[in-house]
Amino acid sequence: MISVRKSEYFEFYQEDLSEQELLDKFYKWEYAYWSTPNVRKTEVSETKRNDEKKYIIWKINIKNMLENDNNDKISYLLYTVKNNKLISLNLSNNRDRKNQLTEIESIELLEKIQF
């Protein structure tokens, strides 16, 4: 899944933020949502950060999803900022458990798509 959103629509937006600062706020905002106890138990972690190329890759593991046969659902997300737009690439590879991508393969694929 790919999402491109205007940064000025977000509550954390400030006109004087650099792209790196905007990226950090975007990531922290999403991280706070997913790591807060809610209906589902989730584990959230940052897996890679590249300040030079301005992206963050992180992982969400939603535990025991009923709609996923009570298995975990793991998604890897790459967040970046381009032209004041907040961009997220989401990779979920949970349907075919026999051919699931490893974490390293997932990260490499997101990086290839991004650059």
*For residue 85, list the aspartates and glutamates whose Cα falls under 12 Å from its own Cα; do not include residues on the same chain fewer than 8 positions away.*
8, 19
_Full-extension gain between residue 4 and residue 21, please, as 0.36 nm times their residue separation minus the C-alpha to C-alpha distance._
4.4 nm
*residue 51 paired with residue 109, simple spin-label distance in nm, labels 7 Å along Cα-to-beta-carbon*: 3.0 nm
*With both partners inside the chain, how many of the DSSP beta bridges are antiparallel, as a percent to the nearest 5?*
100 percent
_Counting only helical runs of four or more DSSP H residues, what would the 222 nm mean residue ellipticity of the chain come to if each run contributes -39,500 (n - 2.57) and the total is spread over all its residues?_
-8000 deg cm²/dmol
*Based on the Cα gyration tensor of the chain, what are the three equivalent ellipsoid semi-axes, each the root of five times an eigenvalue, rounded to whole Å and given largest first?*
26, 17, 11
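Any read-out appearing in this document is the output of simple, stated calculations on the displayed coordinates, not a laboratory observation. Small disclaimer: the values here were computed from a predicted structure and weren't measured. Here Cβ is always computed from backbone atoms with ideal geometry, including for glycine, and neighbour counts include all displayed protein chains.
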